[in-house]
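The values are calculated or read from the model by the stated rules, or taken from the named source; none is laboratory data. None of the values given here were measured: they were computed from a predicted structure. Note that each Cβ is placed from the backbone with ideal geometry, even for glycine, and that neighbours are counted across all protein chains shown.
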Amino acid sequence: MNLQAIKAIYVYEMSRMRRTLLQSIVSPVLSTSLYFVVFGTAIGARIETVEGIHYGSFIVPGLIMLTLLQNSISNASFGIYFPKFVGTIYEVLSAPVNFLEIVIGYAGAAATKSIILGLIILATAHLFVPLHIEHPVLMVFFLVLTAVTFSLFGFIIGIWADNFEKLQLIPMLIVTPLVFLGGSFYSIEMLPETWQTVTLFNPVLYLVSGFRWSFFGQSDVSVHVSLIMIGVFLLACMSIVWWMFKTGYKLRT
């Protein structure tokens, strides 16, 4: 394992966060704060509690997960796409560095940035709503596992994308709607029975539900099912990344 190569890629990617603090940290935190104001205050005035939980507190895990998914994907996809765009990826591929070290460097940095942002938003949430985390260790585990998984997913998008439009296509048209429809701001028990069944096919539901369980000990689906679903998606992403490097898919041309 070439730790020096991993460190070089990781440090370079992390330095981009320091250079763009306004875009990387300030903007997402302000956007999430607006969600607290709109959903927590306006809608919370009409829906006081959900499953016995204060509505403002209930939406915190969903808001963190929304930001975590969006930033994990965007950080990782842009991190690998930009070297492809300017041509420096060929220098990385020709160096004595294997694909695993490249992935750890890029995806690891993307996951780290997303985790930092998630923790900042968690701290910000305390300014708006009363919050108590029943299972803090499991909460951190879910946070890290989800950040790593979707950083790998973003890495795949970055390799697949041929232009900046494609880079935003899947996050904007698929991932964000799935998050909003995955129980981020409501319990699926509030839906008609038919839509409850449909929602069970939304993979983001299991992420949000498991993460919410770590906060309140309540969820729409079993926490064990949530962990299994995240594990399956993680293995799928790892397999696709391995195949892309093995075949040179959109990397060698």
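At-a-glance table
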| read-out | value |
| --- | --- |
| Pairs with Cβ under 7 Å, 6+ apart, first in region 23-37 and without any contact (Cβ under 8 Å) to a residue 60 or more places away in the chain, second hydrophobic (A, V, I, L, M, F, W, C) and surrounded by 15 or more Cβ atoms within 10 Å (Cβ to Cβ) | Y35/L63 |
| Among the candidates V225, V221, V241, residue that is touching a Phe, Trp or Tyr at 6+ places or on another chain (Cβ under 7 Å) and outside any helix (DSSP H, G or I) | V221 |
| Which numbered condition S214 misses (of (1) surrounded by fewer than 20 Cβ atoms within 10 Å (Cβ to Cβ); (2) in contact (Cβ under 8 Å) with a residue 60 or more places away in the chain; (3) of a type in the set (S, T, N, Q)) | (1) |
| Qualifying residues in region 64-109 (those that are part of a loop (DSSP other than H, G, I, E, B) and among the aliphatic types (A, V, I, L, M)) - the one nearest to the chain's Cα centre (by Cα) | V97 |
| Hits in region 184-206 (condition: exposed (fewer than 15 other Cβ atoms within 10 Å of the Cβ) and aromatic (F, W, Y)) | W195, F201 |
| Enumeration of residues in region 1-32 that are of a type in the set (S, T, N, Q) and either buried (at least 18 other Cβ atoms within 10 Å of the Cβ) or modelled with pLDDT of 80 or more (or both) | Q4, S15, S24, S27, S31, T32 |
